[in-house]
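Have a look at the structure below before the remarks.
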Amino acid sequence: MQPDKFYYDNRIVKNFAFATIFWGVIGMLVGLWASLQLIFPTLNIQQFGSFGRIRPLHTNAVIFAFVGNGIFMGVYYSLQRLCKARMYSDALSKIHFWGWQLIIVAAVVTLPLGITASKEYAELEWPIDVAITFIWVVFGWNMFATIIKRRERHLYVAIWFYIGTFVTVAVLHIVNSFAIPVNFLKSYSWYAGVQDALVQWWYGHNAVAFFLTTPYLGLMYYFLPKAANRPVYSYRLSIIHFWSLIFLYIWAGPHHLLYTALPNWAQSLGVVFSIMLLFPSWGGMINGLLTLRGAWDRVRDDVILKFMVVAVTAYGMATFEGPMLSLKSVSAIAHYTDWIVAHVHVGGLGWNGMLTFGILYWLIPRLFNTTLYSKKMAASHFWMATLGIVFYAVPLYWAGFTQSSMWKQFTAGGQLKYSFLETVTYLKPFYIMRSLGGTLYLIGAILMMYNLYKTVRAGKLVANEAAEGMPLQSLTEANFRETWHRKIERKPVKLLIFSLIVILIGGIVEFVPTFLVKSNVPTISSVKPYTPLELQGRDLYVREGCYTCHSQMIRPFRSETERYGEYSKAGEFVYDHPFQWGSKRTGPDLAREGAGNLKKSNGWHFRHFRDPGSMSEGSIMPSYDFMLHKDLDTNTTASKIKAMQKLGVPYPDGFEREANKLLMEQATHIAGNLQGDSIRVSPRKEVIALIAYMQRLGTDIQKND
């Protein structure tokens with residue numbers, strides 16, 4: 001039988017490669033801008049360029065634009081060659097590419113406008129979530145149809161990771177995105193408080209696991225052996241790596257919520273499975289590095305292999321540190337500090353960034369049938385990127401440990417030794433070093449962009465690359481007995497179903513008791529729904545991304561209860577859609593801001609929003625002066641109340657009809673109070689609603705409730 005002759009589609013690979021480079025530079029540039037705002041607060045641009053608005057833009061641009069396009073670039077290239085088949089549909093490939101770019105553009109537009117769901121790595125509002133779901137289905141359809149028409153009987157290990165990624169990301173996105181739309185640009189999370197926190201960090205941790213890790217492991221298993229011209233070290237180890245990783249990862253989300261109001265049993269599950277994750281993670285790292293056995297002399301001279309070796313090493317470092325950070329004793333030090341920022345960027349800059357750069361340097365010359373324009377320039381990029389990671393991460397590790405130590409330190413008389421603001425000002429030199437590292441890394445990426453541009457100009461795209469392979473039905477079965485896994489490798493649908501079952505187990509075990517067993521979230525009789533004005537103020541807090549710098553979760557440590565007040569209880573968040581616990585304290589915790597010894601006057605809050613430095617010398621918080629002049633949109637009040645009622649918030653029937661009247665009464669009272677502090681402002685301004693929300697925080701909870 002004659003082999004089939006066909007053509008690989010390189011044009012779609014080229015499109016995703018160019019998008020990877022473009023969005024990578026943009027995402028890094030926004031990240032550098034955000035880091036500089038923590039040194040020079042004047043770089044915050046009212047109202048659309050404040051830290052709280054562009055920090056989510058940075059994370060979305062890097063994760064879904066840079067890494068996302070990098071995933072699709074690698075998958076579309078490798079899948080065709082591993083299956084010996086052109087992608088199932090050129091039309092679906094184009095829909096996928098342009099649909100994904102439009103989603104990124106939508107994020108670029110909406111996030112600076114303050115249109116956000118405020119859930120980390122899932123900030124995009126519901127219409128964009130719907131679009132993501134559609135485009136993800138298009139990608140999966142094209143991928144599985146290609147696998148089904150393949151000319152290779154067995155599925156290589158990289159494809160297992162692609163399948164696991166597709167099915168898990170679909171489940172994560174759909175479950176976490178459940179929301180009640182208020183209008184086209186606003187929604188409320190279906191979940192509240194503790195339950196919302198559990199779902200969000202089940203998603204957040206596994207977005208790192210199944211978007212930033214598993215697809216890149218698939219790319220590692222394909223491109224590292226190709227670049228080294230060596231076979232994968234161990235087929236058996238790759239089997240253990242895949243199945244144990246996808247099973248264990250899905251349980252680990254609660255380790256982001258240690259010492260919070262999440263039930264202790266869920267926290268303990270997160271710790272146990274996070275520690276176990278060390279073994280499959282390092283198994284994958286070892287499999288990658290040992291693939292280079294016999295080729296280490298080449299690593300010294302081959303810049304592409306250098307990028308890949310640093311990437312796999314960074315993966316090993318990040319996946320060792322992650323389980324260590326899940327230990328309660330370590331989390332008590334690291335959580336809410338810059339230590340976590342350093343940890344995340346070792347993975348992002350080291351694992352994702354360096355592997356992407358290596359793949360681009362290997363791939364672009366082949367797509368354009370030429371050689372790399374400058375190996376010296378690529379080597380310079382390598383050292384800039386490597387030193388950039390060091391200068392970025394090391395100061396932040398130091399800063400994180402320093403932060404925690406200063407927060408927890410007491411005087412001999414039993415008083416807190418440092419105010420929160422003292423820790424902020426002390427850390428500025430570390431932030432300067434972090435920005436220097438980020439600048440080096442960005443310059444390296446720009447150097448790569450120029451190098452690859454010159455490479456492309458010197459060649460010509462091989463849009464349709466000729467190939468041949470035997471039809472699948474002509475391939476005879478092996479005459480020896482197959483292992484159980486070899487049989488699964490021939491059945492992509494079965495592999496998908498098994499992957500789905502494996503990843504659902506952990507989520508079900510954690511979710512069902514948390515949602516159905518009432519004792520996990522005990523009610524507190526004094527906790528009442530927000531007033532209409534407070535609800536509007538809370539939405540302004542969400543719009544401005546205040547959760548990126550402030551937490552609302554007091555852990556049961558003496559240092560925190562002395563600084564902030566009574567530790568947080570599960571029952572006090574039952575009306576919070578979405579929750580606002582935060583994950584980083586660039587500013588102090590606000591859970592008790594309106595109560596106890598933290599309570600400040602309305603006039604203090606007004607002046608603080610207008611000019612933070614005038615009330616807290618050395619503050620790096622941006623000014624929200626525009627909120628003193630912008631009218632509150634009360635046209636949305638009724639629809640917001642109705643949405644909350646659908647979510648189970650016990651507003652009385654017909655409350656939406658009188659909500660604005662009650663809103664104005666409370667706003668007028670606050671404005672009148674401000675007049676007594678020599679401040680004249682209309683009760684219709686946004687700042688009044690935000691003050692109302694600030695003054696509400698913590699007032700429902702009394703000591704020993």
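The values are calculated or read from the model by the stated rules, or taken from the named source; none is laboratory data. Quick caveat: nothing in here was measured; it's all calculated off a predicted structure. When we count neighbours, we look across all protein chains shown, and the Cβ atoms used for this are built from the backbone with ideal geometry, even at glycine.
Any residue in segment 53-73 that is of a type in the set (G, A, S), on the phi < 0 side of the Ramachandran plot and not in a helix (DSSP H, G or I)? There is no residue in segment 53-73 that is of a type in the set (G, A, S), on the phi < 0 side of the Ramachandran plot and not in a helix (DSSP H, G or I). The residues in segment 39-60 that are touching a helix residue (DSSP H, G or I) at 6+ places or on another chain (Cβ under 8 Å) and under 19 Å from V346 (Cβ atoms) can be counted, and the count is 2.
Those residues that are part of a helix (DSSP H, G or I) and surrounded by 13 or more Cβ atoms within 10 Å (Cβ to Cβ), I need them from segment 614-629; list them, please. First the steps, then the outcome.
Step one: of segment 614-629, the residues part of a helix (DSSP H, G or I) are 614-615, 625-628.
Listed by number, the residues that qualify are M615, D625, F626, M627, L628.
Each row is one residue, and each column tells you yes or no for (1) surrounded by 20 or more Cβ atoms within 10 Å (Cβ to Cβ); (2) farther than 26 Å from I340 by Cα.
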site	(1), (2)
T371	no, yes
A385	yes, no
V390	no, no
W398	no, no
F410	no, no
G414	no, yes
S419	no, no
T425	no, no
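Remark: Y547 matches the filter, which requires a residue to be crowded, with 21+ Cβ neighbours inside 10 Å, part of a helix (DSSP H, G or I), touching a Gly at 6+ places or on another chain (Cβ under 8 Å) and not assigned by TED's automatic domain parsing to the domain that holds S404. Put simply, of R150, R86 the only residue that is touching an Asp or Glu at 6+ places or on another chain (Cβ under 7 Å) and touching a residue at least 24 places away in the same chain (Cβ under 8 Å) is R86.
Of the candidates L632, L647, L598, the single residue that is buried (at least 17 other Cβ atoms within 10 Å of the Cβ), touching a strand residue (DSSP E or B) at 6+ places or on another chain (Cβ under 7 Å), over 30 Å from I432 (Cα atoms) and of a type outside the set (S, T, N, Q) is L632. Looking only at segment 665-676, which residues are in contact (Cβ under 8 Å) with a residue 60 or more places away in the chain and touching a Lys or Arg at 6+ places or on another chain (Cβ under 9 Å)? Hits for segment 665-676 are A667, L674.
Residue-by-condition table, conditions (1) outside the structural domain of Y233 (by TED's automatic domain parsing); (2) more than 25 Å from W201 (Cβ to Cβ); (3) in a loop (DSSP other than H, G, I, E, B); (4) charged (D, E, K, R):
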| position | (1), (2), (3), (4) |
| --- | --- |
| Q101 | yes, yes, no, no |
| A117 | yes, no, yes, no |
| V138 | yes, yes, no, no |
| T146 | yes, yes, no, no |
| W160 | no, yes, no, no |
| V171 | no, no, no, no |
| V175 | no, no, no, no |
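If the condition is being in a helix (DSSP H, G or I), at negative phi and modelled with pLDDT under 95, then segment 575-611 contributes N597, L598. When you scan segment 561-573, do you find a residue that is in a loop (DSSP other than H, G, I, E, B) and surrounded by 23 or more Cβ atoms within 10 Å (Cβ to Cβ), even just one? Taking every residue of segment 561-573 in turn, at least one turns out to be in a loop (DSSP other than H, G, I, E, B) and surrounded by 23 or more Cβ atoms within 10 Å (Cβ to Cβ).
Residues in segment 414-457 that are among the polar types (S, T, N, Q) and not in a helix (DSSP H, G or I): 2 in all. Scanning segment 333-354 finds one or more residues that are farther than 24 Å from R585 by Cβ, among the hydrophobic types (A, V, I, L, M, F, W, C) and buried (at least 21 other Cβ atoms within 10 Å of the Cβ). The single residue among R490, R434 that is surrounded by 14 or more Cβ atoms within 10 Å (Cβ to Cβ) and within 30 Å of I174 (Cα to Cα) turns out to be R490.
Look at segment 521-534: where a residue is over 11 Å from Y575 (Cα atoms) and a partner is buried (at least 16 other Cβ atoms within 10 Å of the Cβ) and of a type in the set (K, R), sitting 6+ places away or on another chain with Cβ atoms under 9 Å, you get P522/K569; I524/K569; T531/R696; P532/K640; E534/R696. List pairs: first in segment 365-379 and under 17 Å from K14 (Cβ atoms), second among the aromatic types (F, W, Y), Cβ under 8 Å, 6+ apart or cross-chain? Listed pairs, sorted by first residue: L372/Y361. Checking each residue in segment 504-544 for being among the acidic types (D, E), in a helix (DSSP H, G or I) and at pLDDT 95 or above picks out E534, D539. Residues that are surrounded by 20 or more Cβ atoms within 10 Å (Cβ to Cβ), hydroxyl-bearing (S, T, Y) and not in a loop (DSSP other than H, G, I, E, B) do not occur anywhere in segment 126-135.
For segment 38-52, filtering for residues that are part of a helix (DSSP H, G or I) and surrounded by 21 or more Cβ atoms within 10 Å (Cβ to Cβ) leaves 2.
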